[in-house]
Structures are given as C-alpha cells and as structure tokens.
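Right, one structure below, let's go through it.
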Amino acid sequence: MGKRTLYGTVIVTYRCNAKCNMCDCWKDPSRPEDEIQMDVIKKLPEMAFTNITGGEPFIRKDLPEIVEELYKKSDRIVISTNGYFTDRIIELCKKFPKLGIRISIEGLEDTNNAIRGLPDGWNRGYQTLKTLVEMGHPDVGFGMTVQDMNCEDLVPLYKLSDEMGMEFATATLHNSFYFRKTDNKIDDKYHVAENFEALINELLRSSSPKKWFRAYFNHGLINYIYGNPRLLPCDMSRDAFFIDPFCDVIPCNGMAQKAVMGNLKEAPDWDTLWNSEQAKAVRAQTRNCPRNCWMIGSVSPAMHKYIWVPGWWVFKHKFLKGGKYSLKENSFIPLPEEKKE
Ligand code: SF4
Ligand code: SF4
C-alpha cells in the first residue's frame, strides 16, 4: 500500500438540530433516504485524514458503522459536531479511542445560545467536552466561527480550552452553497481583527510549535476578512476532496455553486471518477478559483504542502520579533479613524 496522502471530508447529512445564524443548512436538510450509504463509503479512497461533518453528523444513527468502515482506509478521523448529542458522542469515543472530536462552541454561554438557536446548547456542548476530558479521550477540541457577535469571547474561550488541555480551532464567516448563505459578513472588521491579534499573541507566547502554526492560520483569517488573496495556493480537488450527502464528489465547501467532479454512487469506482474528464474540468476551474476562502479543510493540506511559508512566518514572529504580532505590521489593515490620534 502506498503512502496515504489524500484529505477527505465526508458530509454525511445536511440535517441539523441547531439553527445557527451563519449557516442555513438546517432550512434545507437532506432526506435520510437520499444520504450517502455504506456501499458508497466503501468506494472512498485511501486517505491520510478524514473529516466527518454535516449538518450534525450525530443525527445519523449509523455513524458508528460509517466510522468503522472509514478506519479501514484512513489514518486519522475527526468528527465536527455541535456537541449536543452527548451520549452518542461518548459512546462512539469509547468504541474508537483514537477518534478526534471537534465541538463547535460559538462563544460563552449566552452568545453561543444566541448564535446557535439551540436551547441549552452551550451546556450540552460543554458537558460533552468535560466528559471526554474526564475520560482521558486524547483528541478533543473546540471550534469557533468568529463573527461580530462573538469576537470578544475568542480569547476567553481559547483560555478555557487551554485549561482543559484541548485544541482550539477557529474559523470565520464564509458564504457558499454549503452554508446556503450569501449575506454573511463582518461589520466591524478592525474590532474582530483586534481579537484575533490578541489570540495570535497568546498562541505565539506558548511553548507549543503546533500553536505557533495556529497563530499563522489565524493571521490568515485576518487576511481573509480584509478580502485579500489567500496566503497559500488552494489545491482542493487535487490533494483533497469533499463528498456531499448525495454522493457528489466536490472540491470543497467554499464555492458559490457546487462543482461536481462526479457522483460516487453512479461511478463504478473511485479511480474512474477521480481520473474522469469531468474531474479534470473541475480541477481546471479550482486552479484559478477567485474566492480566497480560508477554512481549515483547504488550508491544512496547503500548510503541510507549502510548509516553508508558515514556517518562515512562525520563525519571524516567534524568534525574530520575540513572540509578538501586531495588526500594524500589516499594511492591508487600515486604522479606523478613532484610533488614528
Ligand atoms: S453551523 Fe453546524 S450546527 Fe450550525 S446550523 Fe450549520 S450545520 Fe448546524
Ligand atoms: S479557494 Fe479553494 S477552498 Fe475556496 S472555494 Fe476556491 S477552490 Fe474551494
């Protein structure tokens, strides 16, 4: 068996029990009978990394079977969840002790519940996290999508995750077919950027190289918020792919309309789909994609592939600048009027 290199994301459902303000997928759920089944999961290729996401993946009762099948072909699996279905999550982690779990928490309690529209959502998510930590589950983390409403909770939430010994993953607002959104936007960019700046400094101060690279990712989020070109090329559809609940293989979740490389239910096997003319045409389209999105699914493979770019940024900020990062060093960030004197 050759070295596994592909990054895959399996969107197992568009059903969701939450009603987040930045994602309308709950308004347009998939029907269970249309969702990807085991016969198609079996056709997926060997992967270095697989992310299972939704919608809310734990809505699917057959998730344990899906995970079991994916472990046959993937070195590492991480599930993104809103953390609501505590019992199902705990049970699955007992069965698969190496499974990664990323719980999205959108701020401290009131903010999270306001953004997520899920009564008691924060308590449920937090309870799930706490239980996993108490169990000694090794691969647990928070994820947060930063927007105007929750940016001030960014550093406090990072500190909470740090105290609990967890990974802290960030994202910001994107518009795409996947989120069914075209009007997500940050109003006070500078204020949001200042909170990212504080987080970046926290991360750079730590002694963990992994966190220094996360600092770079967060710098990329500021860059994205200001509408600049991506800091790294996007190789989605070459090194990485998504498959949606309808078995369409797509490059990513960032496009305005989905570009379909092929349907894995219809294709005889993975290689036929991946090497098809249709897949090649989509690859040509993504090569010049103007959307510049900055989401971990497309950035993580790029950070590994072009490691010298984040590596130099980390070296500069951690060692040459003494662990300090400032918005002012970025000429693309205009100082708001009230900050000028
Ligand atoms: S962001 Fe996640 S939790 Fe929120 S509605 Fe969308 S799929 Fe559900
Ligand atoms: S920049 Fe990359 S991840 Fe974003 S929409 Fe384009 S191809 Fe997809």
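Readers should treat all values here as calculations from the given coordinates under stated rules, not as data from a laboratory. Not measured: the values here are computed from a predicted model. Methodologically, a virtual Cβ is constructed for each residue, glycine included, from the backbone with ideal geometry; neighbour enumeration extends over all protein chains shown.
Taking N as the number of residues in the stretch 108-165, what is its alpha-carbon radius of gyration divided by 2.2 N^0.38 Å? The partial results should precede the final answer.
Working: Rg = 11.7 Å, N = 58, 2.2 N^0.38 = 10.3 Å.
The reported ratio for this selection is 1.14.
Over the stretch 1-131, what relative contact order in percent results from Cα pairs under 8 Å that are six or more residues apart? Display every interim value, and only then the final one.
Details: 220 pairs, mean separation 33.4, N = 131.
Here the relative contact order equals 25 percent.
Which value in deg cm²/dmol, rounded to the nearest 500, describes the helix-derived mean residue ellipticity at 222 nm for the chain, given -39,500 (n - 2.57) per DSSP H run of n ≥ 4 and division by the residue count? Spell out each step's value before the answer.
On the way: 12 runs with 123 residues, N = 341.
That calculation yields -10500 deg cm²/dmol at 222 nm.
Over the stretch 131-205, how many percent of alpha carbon pairs lie in each 5 Å bin up to the one with the longest distance?
Reading upward from the zero bin: 3, 14, 22, 20, 15, 13, 8, 3, 0.
Run the simple label-point estimate for Ser206 and Asp120 please: 7 Å along Cα→C-beta, distance reported in nm.
For Ser206 paired with Asp120, the spin-label model returns 3.2 nm.
Considering only Thr182, Cys25, Ala302, whose Cα is most displaced toward the positive end of the charge dipole of the chain, charges sitting on Cβ of Lys, Arg (+1) and Asp, Glu (-1)?
Ala302
Can you tell me the dipole magnitude for the chain around its Cα centre, using point charges on the Cβ only (Lys, Arg +1; Asp, Glu -1), in Debye to the nearest 20?
On the way: 46 positive and 45 negative charges, 223 e Å.
I would put it at about 1060 debye.
For the stretch 53-212, what does the convex hull of the Cα positions come to per residue, in cubic angstrom? Working shown, then result.
Values: hull volume 20.3 nm³, N = 160.
Dividing the Cα hull volume of the stretch 53-212 by its residue count gives 127 Å³.
Could you state the per residue volume, in Å³, of the convex hull enclosing the Cα atoms of the stretch 137-281? Don't skip to the end; give the middle numbers.
Working: hull volume 21.6 nm³, N = 145.
Hull volume normalised by residue count: 149 Å³.
So which lysines pass the test for Lys211, namely a Cα distance under 23 Å, with those fewer than 8 places away in the same chain ruled out?
The qualifying lysines are Lys98, Lys130, Lys159, Lys305, Lys316, Lys318, Lys321, Lys324, Lys328.
Tell me the angle of helix 296-305 to the major Cα principal axis of the chain, expressed in degrees between 0 and 90 and rounded to the nearest ten.
80
Please work out the Cα center distance from the stretch 181-231 to the stretch 130-145, rounded to the nearest Å.
What the calculation gives is 23 Å, centre to centre.
Given 10 °C and 1.306 mPa s, compute D for the stretch 22-75 with the Stokes-Einstein relation, Rh being the Kirkwood radius over Cα pairs; round to the nearest whole µm²/s.
Numbers: Rh = 12.4 Å.
The Stokes-Einstein estimate is 128 µm²/s.
What angle, in degrees between 0 and 90 and rounded to the nearest 10, separates the Cα long axis of helix 277-287 from the longest principal axis of the Cα atoms of the chain?
Approximately 0 degrees, to the nearest ten.
For the ranges 118-128, 305-315, 76-86, 291-301, what's the packing order if you count other beta-carbon atoms within 10 Å of each residue, average per peptide, and put the highest first? Intermediate values should be presented prior to the final figure.
Details: 118-128: 18.6, 305-315: 14.7, 76-86: 22.3, 291-301: 20.3.
Ranking the peptides 118-128, 305-315, 76-86, 291-301 by packing returns 76-86, 291-301, 118-128, 305-315.
Tilt of helix 86-95 relative to the longest C-alpha principal axis of the chain, in degrees (0 to 90, nearest 10)?
Computed tilt is about 70 degrees.
With only alpha-carbon pairs counted, each pair once and no self-pairs, how large is the Kirkwood hydrodynamic radius of the stretch 91-133 in angstroms? Please report the intermediate quantities before stating the final value.
On the way: mean 1/r = 0.0892 Å⁻¹.
Taking every pair of different Cα atoms in the stretch 91-133, averaging 1/r and inverting gives 11.2 Å.
In vacuum, with every alpha carbon of the stretch 184-260 counted as one equal point scatterer, what does the Debye formula give for log10 I(q)/I(0) at q = 0.11, 0.17, 0.21 Å⁻¹? Two decimals, please.
-0.43, -0.85, -0.98
Using all alpha carbons of the stretch 201-241, what is the percent of pairwise distances in each 5 Å bin, ordered from the shortest bin to the longest?
With a bin width of 5 Å, the distribution comes to 6, 21, 18, 17, 22, 10, 5, 0.
Taking the convex hull of the alpha carbon atoms in the chain, what volume per residue do you get, in Å³? Intermediate values should be presented prior to the final figure.
Working: hull volume 47.1 nm³, N = 341.
So the per-residue hull volume is 138 Å³.
Less than 17 Å apart at the alpha-carbon level, and either on another chain or at least 8 residues along: which lysines does that give for Lys42?
Result set, ordered by chain and number: Lys72, Lys73, Lys265.
If you project the alpha carbons of the stretch 1-53 onto the principal axes, what extent comes out on each, in Å, largest first?
Principal extents (Cα only, largest first): 43, 25, 12 Å.
Can you give the charge dipole size of the stretch 148-279 about its Cα centre, rounded to the nearest 20 debye, using +1 on the beta carbon of Lys and Arg and -1 on the beta carbon of Asp and Glu?
Working: 13 positive and 20 negative charges, 37 e Å.
Computed charge dipole of the stretch 148-279: roughly 180 debye.
Counting alpha carbon pairs within less than 8 Å and at least 6 residues apart, what relative contact order, in whole percent, applies to the stretch 240-341?
This gives 16 percent for the stretch 240-341.
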